[in-house]
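Asker: Before we start, here is the structure in question, set down as structure tokens.
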Amino acid sequence: MPAVLTLRIVLTHRKLRHTICVMAHIVLSSTTKIHQALADPTRILILRLLLERELCVCEIVAALEEPQYKVSRHLAVLKNAGLVRDWREGSWMHYEILQSLPAEWRNALQALKVVWDESTEVQAVLWRVQQRATRPPGASASCC
């Protein structure tokens, strides 16, 4: 069971004489897993694609132009970090950003999205997924 670290931060501004108290509950092991998951360029590209919509593995493979085994390995790391969820539809695996992801992490991913979008690699991957998309978001997978 991960240790929960509780922080109590008290800041006092001498001129204003106000005290601000903030309580934060941090599960350090899950935070570390997320940071490790974000430390790989391929996983950043996958997350950026999944911030757009849910995708089948074959759509991610086509957009990244990487072998399926490599994409699946990176998806497993993202799933283990608690960032994405998967489900099977026939022989196709779908992935999306975990809906129960805490708001703080969703906000962090949205902020990172702005930074990631400055990359030409990210723009190329987004363009490829849009050009090759034959299935509307949420539709049944017959894409592969």
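The values are calculated or read from the model by the stated rules, or taken from the named source; none is laboratory data. Bear in mind the structure is a predicted one, so any value in this text is a computation, not a measurement. Don't worry about glycine lacking a Cβ; one is built from the backbone with ideal geometry, like all the others, and counts go over all protein chains shown.
Residues checked against (1) of a type outside the set (S, T, N, Q); (2) part of a helix (DSSP H, G or I); (3) closer than 25 Å to residue 118 by Cα:
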{"residue": "44", "(1), (2), (3)": "yes, yes, yes"}
{"residue": "51", "(1), (2), (3)": "yes, yes, yes"}
{"residue": "62", "(1), (2), (3)": "yes, yes, yes"}
{"residue": "71", "(1), (2), (3)": "yes, yes, yes"}
{"residue": "79", "(1), (2), (3)": "yes, yes, no"}
{"residue": "85", "(1), (2), (3)": "yes, no, no"}
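Asker: Check 79, 70, 33 and return the single one that is loosely packed, with under 15 Cβ neighbours inside 10 Å, among the basic types (Lys, Arg), out of contact with any Phe, Trp or Tyr (no Cβ under 7 Å at 6 or more places or on another chain) and modelled with pLDDT of 90 or more.
Answerer: Of the residues listed, the single one that is loosely packed, with under 15 Cβ neighbours inside 10 Å, among the basic types (Lys, Arg), out of contact with any Phe, Trp or Tyr (no Cβ under 7 Å at 6 or more places or on another chain) and modelled with pLDDT of 90 or more is 70.
Asker: I would also like to ask the following. Take the range 87-105 and flag every residue that is farther than 20 Å from residue 40 by Cα and either assigned to a helix (DSSP H, G or I) or of a type in the set (D, E, K, R) (or both).
Answerer: 88, 89, 103, 104
Asker: Do the conditions hold for residue 62, that is, is it surrounded by 18 or more Cβ atoms within 10 Å (Cβ to Cβ), among the small types (Gly, Ala, Ser) and farther than 21 Å from residue 126 by Cβ?
Answerer: No: the conditions fail for residue 62.
Asker: Condition first: assigned to a loop (DSSP other than H, G, I, E, B), more than 13 Å from residue 47 (Cα to Cα), modelled with pLDDT of 95 or more and polar (S, T, N, Q). Can you find one or more residues in the range 106-120 that meet it?
Answerer: Yes: one or more hits.
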